[in-house]
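Some notes on the structure that comes next.
The values are calculated or read from the model by the stated rules, or taken from the named source; none is laboratory data. Keep in mind that this is a model prediction, so the values were computed, not measured. Positions of Cβ are backbone-derived with ideal geometry, glycine not excepted, and every protein chain shown enters the neighbour counts.
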Amino acid sequence: MQSNIHDQRLVEKWLTGWSLSRHSPLPVKNGAAFRVDVGWPQQKTRYVFPRFVDEFIHLAHTITEPWVFLKVCAAPEVISSRMPSQWVIQPPGFLMTCSLPMSAKNIGLPDGYLLAMKEEAPAFIVKILTIEGDTAATGRLVFVDDIVVYDRIETVPEHRRKGLATIVLLALENLALSRGITTGVLVATEAGKALYETLGWEVYSLYTSVVIPGREESGNSLG
């Protein structure tokens with residue numbers, strides 16, 4: 001990782017883009033963390049720490065309600081032995097960056113699919129649709145100062161292994177490059193990380209999330 005100041009600015013920009021993409025309130029500074037009052041049933045609030053500090057553990061001891069997420073740019077083993085027992089560590093995440101353009105060859109859209117793009121301010125949305133109009137893959141991009149934040153890059157399971165996610169990413173990248181932006185940021189799942197690395201993305205930091213789950217299974221845990 002870079003300097004702490006640089007870390008904080010990058011994380012704040014990424015989280016701002018994430019919030020804009022999902023029409024959530026913008027992040028506010030909360031001690032060493034940034035807080036977003038998300039308001040989802042299974043993610044009420046998120047606290048994102050650009051680096052691990054003891055305040056992370058102290059905050060965990062003050063929160064007792066479910067579906068408040070604590071997130072930190074650090075490996076899970078940094079916090080695992082110090083968390084109160086009711087907190088559950090979520091699947092691993094990866095804060096990733098890329099100096100555009102991505103290292104991908106132009107690939108054609110497979111037969112039976114259409115590419116659609118629209119602006120849903122402040123986000124730009126790319127979708128790949130079937131001929132019947134069903135969504136096969138989708139992704140979002142938000143401009144934040146001198147970076148672009150990629151968000152919600154998803155492919156429907158039955159349409160995977162056809163290069164659709166790469167096509168979505170490249171279409172979004174063209175938007176970024178058209179505005180002269182050459183740095184992309186996202187948070188990937190473990191499965192997504194492998195794809196992004198083939199396109200030239202690099203892990204900037206491990207990204208660990210914890211939550212006190214409710215009766216339902218955990219949801220909306222990453223990103």
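Residues to consider are L141, L100; find the one that is more than 15 Å from the chain's Cα centre (by Cα) and either small (G, A, S) or surrounded by 12 or more Cβ atoms within 10 Å (Cβ to Cβ) (or both).
After ruling out the rest, the residue left standing is L100.
Just give me the residues in segment 27-43 being exposed (fewer than 13 other Cβ atoms within 10 Å of the Cβ) and either in contact with a helix residue (DSSP H, G or I) (Cβ under 7 Å, 6 or more places away or on another chain) or among the β-branched types (V, I, T) (or both), in sequence order.
V28 - this is the single residue of segment 27-43 that is exposed (fewer than 13 other Cβ atoms within 10 Å of the Cβ) and either in contact with a helix residue (DSSP H, G or I) (Cβ under 7 Å, 6 or more places away or on another chain) or among the β-branched types (V, I, T) (or both).
Does segment 109-121 include one or more residues that are surrounded by 15 or more Cβ atoms within 10 Å (Cβ to Cβ), of a type in the set (D, E, K, R) and modelled with pLDDT of 95 or more?
no
In segment 114-164, how many are acidic (D, E) and part of a strand (DSSP E or B)? Step through it out loud before you land on a result.
So in segment 114-164, the residues acidic (D, E) come out as 119-120, 132, 134, 145-146, 151, 154, 158.
Narrowing the set further to residues that are part of a strand (DSSP E or B) leaves 119-120, 151, 154.
Total satisfying the criteria: 4.
Step by step: first the residues of segment 79-97, then only those that are among the polar types (S, T, N, Q) and surrounded by 12 or more Cβ atoms within 10 Å (Cβ to Cβ), then the one that is farthest from E197 (Cα to Cα). Which residue is that?
Q86
What are the residues in segment 175-222 that are among the charged types (D, E, K, R), at pLDDT 95 or above and in a loop (DSSP other than H, G, I, E, B), if any?
Listed by number, the list holds a single entry, R179.
Just checking, which of P76, P50 is under 29 Å from L199 (Cβ atoms), of a type outside the set (V, I, T) and in contact with a helix residue (DSSP H, G or I) (Cβ under 6 Å, 6 or more places away or on another chain)?
Going through P76, P50 in turn, the sole match is P50.
I'm told I181 meets every condition in (1) in contact with a Pro (Cβ under 7 Å, 6 or more places away or on another chain); (2) surrounded by fewer than 21 Cβ atoms within 10 Å (Cβ to Cβ); (3) under 21 Å from Y204 (Cα atoms) except one. Can you identify the failing condition by its number?
(1)
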